[in-house]
Amino acid sequence: MNWHGQLAVITMPEEIDMSNGAEIQDGLLAALGEHPEVLVVDMTATTFCDSAGVRAIMLSHRRAAAEGSELRLVISSAGVHRVFSIIGAGQLVQIHPDLASALAA
C-alpha cells in the first residue's frame with residue numbers, strides 16, 4: 001500500500017477470482033483498518049475479476065462507508081469495467097480510468 005497524505009492506494013493483481021478473493025478482501029479490510037480518508041483500489045493491471053473479486057471490493061466499500069472513508073476504483077480493462085457496470089457499482093463507488101484521475105478527484 002502506498003500513501004499520498006491521507007489517501008492510500010492498494011494495487012490489485014492481474015486476475016481476481018475464487019483463488020484469491022478472500023485474500024483480496026482481507027487486504028482491503030486491513031488497509032481500511034489504517035483509517036485512510038480515501039482508499040484507491042488500483043485495478044489498472046487487472047484483466048479479469050469474477051464475483052469473488054466484486055464481492056470483496058463491494059464489502060470493502062460498505063466497510064469504508066460505515067467508517068467514514070471513501071473507496072475509489074481505477075479500472076482500465078473494458079471487461080472488468082463491464083462487470084462493475086452490470087452490477088451498478090458505478091452508482092456506489094467512483095470509477096476512474098487511470099490512477100491520476102482517482103488521486104485528483
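The values are calculated or read from the model by the stated rules, or taken from the named source; none is laboratory data. As the structure is a computational prediction, the values presented were derived from the model and not from experiment. Here Cβ is always computed from backbone atoms with ideal geometry, including for glycine, and neighbour counts include all displayed protein chains. For the accessible areas, the whole protein counts, side chains as well, though only heavy atoms, and no ligand, DNA or RNA atoms are used. Shrake-Rupley method; radii C 1.70, N 1.55, O 1.52, S 1.80 Å.
Just a few scattered comments:
- With all protein chains in place and a 1.4 Å probe, the accessible surface of the chain carries 53 percent carbon and sulfur.
- Rg over Rh [alpha-carbon atoms, Kirkwood Rh] for region 1-74: 0.94
- Environment charge at PHE48 (Cβ cut-off 12 Å; Lys +1, Arg +1, Asp -1, Glu -1): -3
- A simple rule links phi to the HN-Hα coupling: the Karplus curve 6.51 cos²θ - 1.76 cosθ + 1.60 with θ = phi - 60°, which for region 56-61 gives 4, 6, 6, 5, 5, 4 Hz, with x for Gly and Pro.
- Helical contribution to [θ] at 222 nm, DSSP H n ≥ 4, -39,500 (n - 2.57), averaged over the chain, rounded to 500: -12500 deg cm²/dmol
- Value of relative contact order over the chain, rounded to a whole percent, pairs C-alpha under 8 Å and six or more apart: 27 percent
- Cβ-defined net charge surrounding GLU37, 12 Å radius [Lys, Arg +1; Asp, Glu -1]: -2
- Net charge contributed by nearby residues that have their C-beta within less than 13 Å of ARG72 (K/R +1, D/E -1): -4
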